[in-house]
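One structure is given here, and the rest of the page talks about it.
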Amino acid sequence: MSNLDNRTITIKRTFNAPLALVWKAWTKPEHIASWWAPNGMKLDIIEHNFVAGGKWKFSMPMPNGSDFISEGVYSEIIEHEKIVFTADFKPMTENVEIHVLFKADGDTTYFTFHCIHETEEYCKQQEKMGVYNGWGSAFDRLDAFVNS
């Protein structure tokens, strides 16, 4: 993948929670439903086959009565280290690959999120659309969830 840096949005966080807890929050459907959506939004888990090659599909009911669908396929899972998956967040974002990296330091978890776009232009378009705020809001909810 050429010019990966120019096509990647990266968010780093430190969670004051043990790695095993943060991992569960990312991998168990009942936990994902508690934080994946932006503040004030509900999330329904339609499908969650957490294995390499497994599909995932989530739905957020919107105030206008429509559903915002997120879906993709897991391509790599290394327990307590890494999750790689494709993602479509229709109609806003399509054809991205997400790499989520976890690293433990005692009861603290270092977390790195990379969202890789097909082109640099598409990445810049997503930045302008507010992708940092959207994921940032979800990760704030994740932080609150693992510390509750």
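Every number here is computed from the coordinates shown, using simple stated rules; none is lab data. Everything numeric here is computed off the predicted structure, so don't read it as measured data. No Cβ is skipped: glycine too gets one built from the backbone with ideal geometry, and neighbour counts run over all protein chains shown.
Quick look at the numbers
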quantity: Whole-Hz ³J(HN,Hα) from phi, Karplus 6.51 cos²θ - 1.76 cosθ + 1.60, for the stretch 127-142, glycine and proline x; calculated: 4, 5, 6, x, 4, 5, 5, x, 5, x, 4, 5, 6, 4, 5, 4
quantity: Under-5 Å amide H pairs with Glu94, H placed in peptide plane, nonlocal only; calculated: Phe89
quantity: Dipole of the stretch 5-146, positive end: most advanced residue of Pro29, Gly54, Ile69 [Cβ charges, Cα centre]; calculated: Pro29
quantity: Gained length - Asp105 relative to Met92, 0.36 nm times residue gap less alpha-carbon distance; calculated: 1.1 nm
quantity: Summed residue charge, Cβ within 13 Å of Glu76's Cβ, Lys/Arg positive, Asp/Glu negative; calculated: -2
quantity: Given charges at beta-carbon only (K, R positive; D, E negative), |dipole| of the chain in Debye; calculated: 240
quantity: Added length on full extension, which subtracts the Cα-Cα distance from 0.36 nm per residue, Lys82 to Asn49; calculated: 10.3 nm
quantity: The chain, relative contact order [Cα under 8 Å, separation at least 6], %; calculated: 30
quantity: Cut-off under 5 Å, modelled amide H: who pairs with Phe68 long-range; calculated: Met60, Met62
quantity: Amide proton proximity set for Ala17, modelled H, under 5 Å, gap of 5+; calculated: Thr109
quantity: Kirkwood Rh and Cα Rg combined as Rg over Rh, evaluated for the stretch 5-148; calculated: 0.94
quantity: Vicinal HN-Hα couplings computed from phi for the stretch 7-24 (Karplus, 6.51 cos²θ - 1.76 cosθ + 1.60; Hz; Gly/Pro x); calculated: 10, 10, 9, 10, 10, 10, 9, 10, 9, 7, 8, x, 3, 4, 6, 5, 4, 4
